[in-house]
Amino acid sequence: MIHPTAIVSPSARIDASVTIGAFSIVHDEVEIGAGSKIGAYCEIGYPGPQGADRPLVIGRGANIRSHSVFYAGSTFGNRLVTGHRVTVRENTEAGENLQIGTLSDIQGTCRIGNFVRMHSNVFIGQHATIEDFVWIFPHVVLTNDPHPPSEVMRGVTLRRFVAVAAMSVILPGVEVGEGALVGAHSSVRHDVEPNVVVAGSPAAMICRTEEIKLKDGSGRPAYPWRRHFWRGYPPEAVSQWKSEFDEE
C-alpha cells in the first residue's frame with residue numbers, strides 16, 4: 001500500500017490499510033487512520049517551527065491529494081478531504097469531514113469545526129475560528145493583522161452555518177454571526193449579525209437571509225440553506241434539520 005518511492009519514517013504510526021503515493025514523505029510521529037489515502041508528492045508531518053514537538057494526527061478515511069503539505073502539530077478528525085497543492089500549517093485543530101479545496105492555505109493556530117467546506121484558493125489566517133457547517137467559497141481571505149505589518153493578531157470568527165461567497169475578505173477580529181451570508185467581492189470590516197446578508201466594500205447589511213428566494217421557480221426561501229440542501233451531510237444532521245423546519 002506504500003509506493004516504493006515514498007519515504008516513511010519508522011516512527012510514524014500508519015494503519016495497514018493506508019495508501020501512500022509516489023515520492024511522498026511521511027515524517028516522524030505522524031499518525032494516519034485506517035482507510036486513508038495520501039497522494040503523490042505529498043509531505044506529511046513537516047517539522048515546522050511551531051509544532052515540531054507534537055505529532056500530526058489524521059483520522060480515518062482521509063483523502064489527501066497530490067502535492068499537499070501538512071505540518072506537524074495539527075489534528076484532523078475522520079474523513080478529511082483535500083484538493084491538490086493544499087498547505088496546512090501547525091496548531092490547526094479540525095473536526096470531522098473537513099474539505100479543503102485545491103491551492104488553499106491554512107496558516108495554522110486555527111480551530112475548525114465539523115463538516116466545514118472550503119473551495120479552491122481559500123486563505124485562512126492564523127487564529128481563525130470556524131464553526132460547524134460553514135461554507136467558504138473560492139478566493140476568500142480571512143485576515144488577522146489589524147495594522148500590517150505588526151505582531152498583533154486578531155483572528156476572524158465564522159459561526160455555524162455561515163456562507164462566505166467568492167472573493168470576499170473578512171478583516172481582522174470580525175465575527176460573522178450564525179447563518180449569515182457574505183456576498184461576493186465583499187470587504188467585511190465590522191461584526192455581522194446572525195441570519196443577515198451583507199455585501200459591498202465596505203460591506204453593509206442588505207436584508208435578512210430569509211428574504212432571499214431560491215432561483216428554482218419554487219419561491220421557497222434560500223436560507224437557512226439547511227432547510228433544503230443536504231448533500232454530503234450525515235443522516236442524523238439532516239434528520240434534525242428536517243425536524244427543525246417541520247415544526248415552523
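What follows is calculated from the coordinates using simple rules that are stated; it is not laboratory data. Small disclaimer: the values here were computed from a predicted structure and weren't measured. Please note: Cβ atoms are built from the backbone with ideal geometry, for glycine as well, and neighbour counts cover all protein chains shown.
With only Lys, Arg, Asp and Glu charged, each at its Cβ (+1 for the first two, -1 for the last two), find how big the charge dipole of region 96-238 is about the Cα centre; round to the nearest 20 debye.
Magnitude of the dipole: close to 420 debye.
Taking the Cα centre of region 7-210 as origin and charging only Cβ (+1 Lys, Arg; -1 Asp, Glu), how large is the dipole, in debye to the nearest 20?
Numbers: 15 positive and 19 negative charges, 93 e Å.
Dipole of region 7-210, to the nearest 20 debye: 440 debye.
Please turn the phi angles of region 158-171 into ³J(HN,Hα) values with the Karplus equation 6.51 cos²θ - 1.76 cosθ + 1.60 (θ = phi - 60°), one per residue in order, whole Hz, x for glycine and proline.
Result, ordered by residue: 10, 7, 3, 6, 5, 10, 10, 7, 4, 6, 8, 10, 9, 7 Hz.
Please work out the FRET efficiency for the pair ALA204 and ALA16, using the Cβ-Cβ distance as r and a Förster radius of 45 Å; give the result to the nearest 0.05.
0.25
Once Cα Rg over 2.2 N^0.38 Å is worked out from the coordinates, which option in (1) 0.92; (2) 1.00; (3) 1.07 does it equal?
(3)
Can you tell me which of LEU103, LEU214, LEU158 moves the most in a GNM of the chain? Springs connect C-alpha atoms under 10 Å apart.
Sorting by GNM fluctuation, first place goes to LEU214.
Can you work out the Karplus-derived ³J(HN,Hα) for every residue in region 63-79? Use 6.51 cos²θ - 1.76 cosθ + 1.60 with θ = phi - 60°, whole Hz, and x for glycine or proline.
The phi angles translate into 9, 9, 7, 4, 6, 8, 10, 10, 6, 5, x, 10, 9, 10, x, 5, 6 Hz.
Only residues of region 152-169 count here: report those whose backbone N is under 14 Å from the spot 7 Å along Cα→Cβ of GLU244, or say none.
Once the point is set 7 Å along Cα→Cβ of GLU244, 159-163 turn out to lie under 14 Å by backbone N, inside region 152-169.
Equivalent-ellipsoid semi-axes (√(5λ), Cα gyration tensor) for region 140-248, whole Å, largest first? Show your work: numbers first, answer last.
Numbers: eigenvalues 171, 51, 24 Å².
Equivalent-ellipsoid dimensions as semi-axes: 29, 16, 11 Å.
Which Cα, out of LEU214, GLY183, VAL156, lies furthest along the positive dipole direction of the chain (beta carbon charges, K/R +1, D/E -1)?
Working it through, the farthest residue towards the positive pole turns out to be LEU214.
Out of the GluC sites (Glu not before Pro) in region 130-216, which ones are loop residues according to DSSP with at most 15 other C-beta atoms within 10 Å?
GLU151
Running Debye on region 204-248 with equal point scatterers at the Cα sites and no solvent, what base-10 log of I(q)/I(0) appears at q = 0.32, 0.34 Å⁻¹?
At q = 0.32, 0.34 Å⁻¹ the computed log10 ratios are -1.12, -1.16.
For region 208-218, take each phi angle, set θ = phi - 60°, evaluate the Karplus expression 6.51 cos²θ - 1.76 cosθ + 1.60, and give the result in whole Hz per residue in order, putting x for glycine and proline.
Once rounded to whole Hz, the list reads 6, 4, 5, 7, 7, 9, 4, 8, 10, x, 7.
What is the extension gain from GLU236 to SER218, computed as 0.36 nm multiplied by their sequence separation minus the C-alpha to C-alpha distance, in nm to one decimal?
3.8 nm
What does DSSP give for the chain in terms of the percent of beta bridges that are antiparallel, rounded to the nearest 5?
For the chain, the DSSP antiparallel bridge percentage is about 10.
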